[in-house]
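Bear in mind that the values in this text are calculations on the coordinates, not laboratory data. For clarity, every value in this text was computed on a predicted model and none was experimentally measured. With ideal geometry, Cβ positions are generated from the backbone for all residues, glycine too; neighbour counts draw on all protein chains shown.
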Amino acid sequence: MNGFRQFKQMFLTQLRMTYREKQAWFWGIFFPVILMVIFMSIFSDNSDNDFNANVALVNEHPNETSEMLLQQISHIPVLEIETGEPVTREEAEEMVADQEVNAAIVLPEADDDTSLLLIVNKEDEQGIVTQALTGMLNEFVHQANLFAAGAEPIYEIEYEAITSGDTEFSYTDFLLTGMIALSIAQGGIFGMVDLVDMRRKGLIKRLRMTPADMNMFGFSDMVMRLIFSVVQIILLSLIGVFIFGANLFINFAGLIVVFLLGALSFNAIGYFFSSFSKTTEAFMGIANIVNFLMMFLSGVFFPVETMPDWLQPVSNVLPLTYFVDGLRETMIYETSIFNAELWTGIGIMILWGAVTFMLGSWLYKRQSIVATR
Amino acid sequence: MSVLEVKHLKKSFGPVRAVEDISFSVTAGEIFTIIGPNGAGKTTTLEMIEGLVPPDEGEITFGEMDWRKNAAAIKKKIGVQPQSSAMFDLLTPEENLNLFASFYDRSRSAEDILQLVNLTDHRKKHVKKLSGGQRQRLAIGLAMISDPEIIFLDEPTTGLDPQARRNIWDIVLQLKELGKTTILTTHYMEEAEKLSDRVCIVDQGKVISIDTPAALIDQLTEEREVHLIFLDGADAAESAALFSDDLGSVSRTERDGSSLTIWTAHPEDTLYQLFSYTKERNFQVEQVSIREMSLEDVFIAFTGKEWRD
């Protein structure tokens with residue numbers, strides 16, 4: 001049948017063009033992988049609860065209380081005593097100033113002295129380590145107080161960690177899904193530069209001189225792009241899981257739906273940009289601006305909630321925010337397609353796709369009447 | 001038998017009137033050339049005929065068919081090589097041909113076409129690595145893939161070196177041997193004269209004249225320009241000029257140093273008499289030439305404008 005023969009040749013053409021276009025490989029495969037590896041290497045290492053604080057201990061006037069505290073503090077596993085032995089207060093202050101240690105703890109100077117002094121660097125005053133040390137010492141002092149008063153604690157905290165499997169979610173999972181969403185969105189938008197290039201070279205016009213089915217040509221392009229995106233998902237997931245230890249709990253039906261709708265929506269946005277870009281440079285300019293805005297405002301690298309309040313409404317209208325969310329839901333939390341909240345987000349994303357597609361089609365139609373050469 | 005009929009085409013782009021009034025009819029099997037300077041409206045005319053641009057006014061019919069009713073059928077009947085020679089640069093000539101072949105129910109094999117346009121040796125090269133001439137040949141090949149009855153070639157040799165241009169001419173003449181109707185545009189007069197069965201001269205969106213190259217030149221003038229250079233210098237030329245002026249067939253003469261130009265309706269008689277005269281006087285003639293009239297002269301005569309390539 002001619003229809004099938006035509007589709008086969010068109011698809012082969014798209015496949016060959018993608019395969020032979022070095023830029024497609026760089027931006028579609030190499031770039032996201034490098035970006036992900038860099039981000040994961042920077043942020044993932046400290047995320048596995050390996051909290052450690054380096055402290056100096058000052059015990060200038062050893063006494064019974066200070067000796068007892070010294071012994072107990074040296075048993076706290078996350079505290080590393082820099083010198084092993086107590087140092088003088090002067091030495092300790094110097095070490096803090098030079099940031100050789102996170103903090104110095106000055107032990108009570110007499111038996112009846114009941115206060116512990118924590119010395120920290122001004123720069124680190126609000127830092128996580130300082131906060132954690134303060135909390136730790138508070139707890140320590142509190143326990144000591146109870147013990148001194150001979151009282152038993154009445155309330156205590158019990159911990160229970162909840163995950164969908166037996167594993168905790170980490171920044172790696174968060175970043176991996178964000179990167180996958182970003183790559184697919186970028187592929188969808190930037191891929192449409194071909195259309196501008198084809199129009200500029202007169203290829204669209206050339207095809208219109210033949211009985212070629214232009215809808216089929218567009219469809220073959222889309223199929224190629226989807227396949228390319230599947231390769232991106234698989235490659236990034238493999239790297240994330242096997243190299244950085246990401247944990248994925250995938251709801252496949254949900255993932256496929258979110259993926260297809262997302263890829264199409266971002267294609268539509270790229271199609272819209274292509275409809276008013278006369279040159280590939282103009283297209284790339286617009287696409288880059290939009291890409292950068294979305295990249296940092298859509299919760300790819302950091303949760304949207306951590307952004308300043310005034311920026312959050314911007315995030316809440318961007319389509320990538322919802323695509324990232326959708327992929328996270330279906331790839332990490334195993335959310336099914338019957339989840340209403342999932343559809344609210346996807347709905348906003350589809351709205352973007354539908355509106356930009358209609359605007360793009362309208363602009364293309366208008367141009368083909370007015371501008372012919 | 002007419003395969004294409006164009007009547008009173010008009011097209012404006014905003015305030016620019018690209019085509020004002022163009023009519024012609026093309027017969028099966030001929031090479032019909034539309035010639036004119038840049039901006040004369042050749043490409044716009046062709047694009048209207050190819051169905052890419054709707055005309056503001058006028059009629060285009062392929063036999064019984066027109067674009068409004070029979071677009072799909074016309075597309076199967078025609079093959080187009082556009083001026084931009086657009087094709088997929090990252091594909092090879094063979095892959096481009098196979099892709100284009102898939103658009104048609106009936107097509108020739110890529111192999112045949114590669115042979116026809118002499119690209120068999122370059123079949124596996126990416127198109128972006130082809131030379132200008134090879135690219136242009138492939139563009140003609142793509143127009144040929146569906147084995148169309150009518151082929152449109154829009155300035156196929158523009159920007160090519162003389163050898164590459166000659167290669168294209170060979171292909172065009174081969175198309176004629178295959179019985180195809182070819183509609184060609186060019187702004188090279190020599191090309192139009194060499195290839196065309198009939199020439200349609202256009203300027204500023206209007207048809208100036210349509211006929212065979214020979215008839216166009218003939219209708220222009222019966223006078224020929226004869227050019228002589230004398231070895232004996234200005235005196236001999238002057239003397240010969242005076243003699244020629246008295247001959248009935250000579251309309252005027254022009255002398256510049258030792259060279260003499262004579263305009264005559266009967267170059268052979270004039271030269272016979274002139275040579276008898278020079279022999280008598282023992283003048284030595286170093287060089288004689290009769291200038292052929294060309295389409296360029298036809299263009300100048302019709303428009304009063306200099307021809308510029």
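List of remarks:
- In order through the stretch A:175-181: 3J(HN,Hα) via Karplus (6.51 cos²θ - 1.76 cosθ + 1.60), integer Hz, x for Gly, Pro: 5, 4, 5, x, 5, 4, 4
- Size descriptor, Kirkwood hydrodynamic radius, that averages inverse alpha-carbon separations across chain A, Å: 25.0 Å
- FRET efficiency, B:Tyr277 to B:Glu222 (Cβ-Cβ, R0 22 Å, nearest 0.05): 0.40
- If R0 equals 45 Å, the separation of the Cβ atoms of A:Glu90 and A:Val317 corresponds to a calculated FRET efficiency of about 0.20.
- Only Cα pairs under 8 Å and 6+ residues apart enter the sum, and on that basis the relative contact order of chain A stands at 18 percent.
- The mean number of partner chain beta-carbon atoms within 10 angstrom of a residue's beta-carbon across peptide A:10-23 is 3.
- If you bin all the Cα-Cα distances of the stretch B:91-242 at 5 Å, starting from zero, the percentages per bin are 2, 8, 15, 16, 15, 11, 8, 7, 6, 4, 3, 3, 2, 1, 0, 0.
- Extension gain (nm, one decimal) between A:Ile42 and A:Ile227, 0.36 nm per residue minus Cα-Cα: 63.6 nm
- Distance between the pseudo-spin-label points of A:Gln72 and B:Thr212 (7 Å out from Cα toward the beta carbon): 12.0 nm.
- Only aspartates and glutamates eight or more places from A:Lys8 in sequence, or on another chain, were considered; those with a Cα closer than 14 Å are A:Asp213, A:Asp221, B:Glu95.
- Percent RCO, i.e. relative contact order, over the stretch B:222-292, from Cα pairs under 8 Å lying at least 6 residues apart: 46 percent
- A simple packing score, the average count of other Cβ atoms within 10 Å per residue, orders the peptides A:99-105, B:31-37, A:321-327 as A:321-327, B:31-37, A:99-105, with the highest score first.
- Neighbours of B:Thr120 by Cβ distance under 12 Å: Lys/Arg scored +1, Asp/Glu scored -1, total 0.
- For the residues of B:98-110, the average number of beta carbons from a partner chain within 10 Å of their own beta carbon is 5.
- Candidate lysines - alpha carbon under 26 Å from B:Lys279, same-chain residues fewer than 8 apart omitted: none
- Number of partner chain Cβ atoms within 10 Å, mean per residue of A:198-206: 5
- The Cβ shell under 11 Å around A:Ser274 holds other residues with a net charge of +1, Lys and Arg each +1, Asp and Glu each -1.
- Of every Cα-Cα pair in chain B, the percent that sits beyond 29 Å: 48 percent
- Ratio of Rg to Rh over the stretch A:10-110 (Cα coordinates, Kirkwood Rh, two decimals): 1.50
- The protein assembly as shown shape via C-alpha gyration tensor axes, a/c threshold 1.5: prolate
- Taking packing as the residue-averaged number of other Cβ atoms within 10 angstrom, the listed peptides A:37-43, A:184-190, A:353-359 run from highest to lowest as A:184-190, A:353-359, A:37-43.
- Gained length - B:Glu286 relative to B:His126, 0.36 nm times residue gap less alpha-carbon distance: 52.1 nm
- Cβ crowding within 10 Å, taken as a proxy for footprinting-reagent exposure, orders B:Met65, B:Met293 from fewest neighbours to most as B:Met65, B:Met293.
- For B:Asp211, net neighbour charge (Lys/Arg +1, Asp/Glu -1) across residues whose Cβ lies under 13 Å away: -3
- The stretch B:1-159 - convex hull of the alpha-carbon atoms, volume per residue in Å³: 124 Å³
- All Cα pairs of the stretch A:183-283, percent lying beyond 20 Å: 48 percent
- As a proxy for reagent exposure, A:Tyr271, B:Tyr277 were ordered by neighbouring Cβ count within 10 angstrom, fewest first; the result is B:Tyr277, A:Tyr271.
- Shape call, the stretch B:222-292: gyration tensor on alpha carbons, a/c limit 1.5: prolate
- Cα-based convex hull volume of the stretch B:176-228 per residue, rounded to whole Å³: 126 Å³
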